[in-house]
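Below: the structure, in structure tokens.
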Amino acid sequence: MKKSEIAMIILVASVAIMVAWAIASRMSFLKVNPDGVTVKTVDTISPTLPEEPDPAVFNKEAINPTVITIIGDSASGN
């Protein structure tokens with residue numbers, strides 16, 4: 001490559017970066033809120049287990065993911 005071609009690539013890249021920065025700096029959703037935000041904190045984790053498990057998850061009608069499912073005429077359980 002000639003030196004003039006390399007200089008032109010650098011010039012075009014720098015102009016593109018400046019235009020992209022100018023456009024991005026005007027977008028409101030990219031700006032940081034000066035007041036800050038409040039974040040919900042995590043409650044402390046208890047080392048003890050609850051006495052009864054959640055009945056919505058652990059019930060007799062729940063699907064057992066460890067059972068091999070056979071779809072169609074396949075003899076293998078893959």
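Read the figures in this text as sums done on the coordinates, not as results from a lab. What you are looking at is a predicted structure, and each value in this text was computed from that prediction instead of being measured. Using ideal geometry, Cβ is built from the backbone for each residue, glycine included, and neighbour counts are taken over all protein chains shown.
Note on ILE63 and LEU30: their simple-model spin labels are 4.3 nm apart, each label 7 Å out from Cα toward Cβ. Only one of (1) 28, 17, 10; (2) 30, 11, 10; (3) 58, 32, 12 was calculated from the structure for semi-axes √(5λ) of the Cα gyration tensor in Å, and its label is (3).
Each helix, a run of at least 4 DSSP H residues, gives -39500 (n - 2.57); summed and divided by the residues of the chain, these come to -11000 deg cm²/dmol at 222 nm.
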